[in-house]
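S.K.: First, the structure itself, so that you have it in front of you.
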Amino acid sequence: QVQLVESGGGLVQPGGSLRLSCAASGSGFRFYAMAWYRQAPGKQRELVAAITRGGSTDYADSVKGRFTISRDNAKNTGYLQMNNLKPEDTAVYYCKVTLATHDYWGQGTQVTVSS
C-alpha cells in the first residue's frame, strides 16, 4: 500500500505560480510512474501531466508551456510547477502513482485562481 500526500495548493491571482508536491510513503517511488490530475466542479477528472520512471513527460494541451512535472526519487516526491495560472485552472489537483497494474491516489489539494 502506497500513501500519497499532496501539498502546495491555495489561492493565487491570475498570472501567478504555485508548486504542488506529492510525497509518497515507503522507498519505492523510483519504480512508479506518476501523474497529476485535476477535477473542477461539475467536470470529470482530467489528466494534467505525467512522468515515467525514466523521466519522460507528457502534458495536456491546456497546460503545455505553463506547467512542469518533475520528480525527486531521493525524496520520494513528485512536483507540479504551475506558472501563468488562469481561472480555468481552478480545481482539486490529485497525484497518482502507478506500479504495474496498481494505481494509488492522493487526497487532493485545492487550487483556486481568482482575482
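S.K.: If you count, for each residue, the other Cβ atoms within 10 Å and average over each peptide, how do 66-73, 53-60 line up from highest to lowest?
M.R.: Peptide ranking by packing, descending: 66-73, 53-60.
S.K.: Straight-line reach from LYS64: which aspartates and glutamates fall under 18 Å, measuring Cα to Cα and dropping same-chain residues less than 8 apart?
M.R.: Answer for LYS64, where 18 Å is the Cα cut-off: GLU46, GLU88, ASP89, listed by chain and number.
S.K.: Taking θ = phi - 60°, what integer Hz values does the Karplus form 6.51 cos²θ - 1.76 cosθ + 1.60 yield along the range 20-36, in sequence order, with x for Gly and Pro?
M.R.: Going residue by residue, I get 8, 10, 9, 9, 9, 6, x, 10, x, 4, 5, 8, 9, 7, 9, 8, 10 Hz, with x marking Gly and Pro.
S.K.: Something else now. Which three extents, in angstrom, do the Cα atoms of the range 75-115 have along their principal axes, listed largest first?
M.R.: Cα spread of the range 75-115 along its principal axes, largest to smallest: 41, 19, 13 Å.
S.K.: To the nearest 10 square angstrom, what accessible area does VAL5 show with a 1.4 Å probe?
M.R.: The accessible area comes out at roughly 80 Å².
S.K.: Per-residue counts of other Cβ atoms within 10 Å, averaged by peptide: what ranking do you get for 74-84, 23-33, 7-17, highest first?
M.R.: On the way: 74-84: 18.3, 23-33: 15.9, 7-17: 13.7.
So the order, starting with the most tightly packed, is 74-84, 23-33, 7-17.
S.K.: Report, in whole Å, the centroid distance computed from the Cα atoms of the range 60-112 and the range 1-54.
M.R.: Comparing the Cα centres of the range 60-112 and the range 1-54, I get a distance of 3 Å.
S.K.: Relative to the compact globular guide of 2.2 N^0.38 Å, what is the alpha carbon radius of gyration of the chain, as a ratio?
M.R.: The value comes to 1.00.
S.K.: For the range 1-47, restrict the atom set to alpha-carbon positions and state the Rg and Dmax in Å.
M.R.: When restricted to Cα atoms, the range 1-47 yields Rg and Dmax of 13.5, 38 Å.
S.K.: Of LYS64, LYS43, LYS86, which has the most accessible area with a 1.4 Å probe, and how do the rest follow in descending order?
M.R.: Correct descending sequence by accessible area is LYS43, LYS64, LYS86.
S.K.: With each label point set 7 Å from Cα along the Cα-Cβ vector, what nm distance links ASN84 and GLN107?
M.R.: It is 3.4 nm.
S.K.: Let me ask something additional. Between SER17 and ALA100, what is the label-to-label distance in nm when each label sits 7 Å out along the Cα-to-Cβ direction?
M.R.: Computed distance between label sites SER17 and ALA100 equals 4.0 nm.
S.K.: Using a Förster distance of 22 angstrom, determine the FRET efficiency expected from the C-beta separation of THR68 and LYS43, and round it to 0.05. Working shown, then result.
M.R.: On the way: r = 23 Å, r/R0 = 1.05.
The computed FRET efficiency comes out at 0.45.
The values are calculated or read from the model by the stated rules, or taken from the named source; none is laboratory data. The structure presented is a predicted model; accordingly, all values stated were derived computationally and were not measured. We place every Cβ from the backbone using ideal geometry, glycine too, and count neighbours over all the protein chains shown. The protein model used for the area step is the full one, side chains on, heavy atoms only, and it has no ligands, DNA or RNA in it. Shrake-Rupley method; radii C 1.70, N 1.55, O 1.52, S 1.80 Å.
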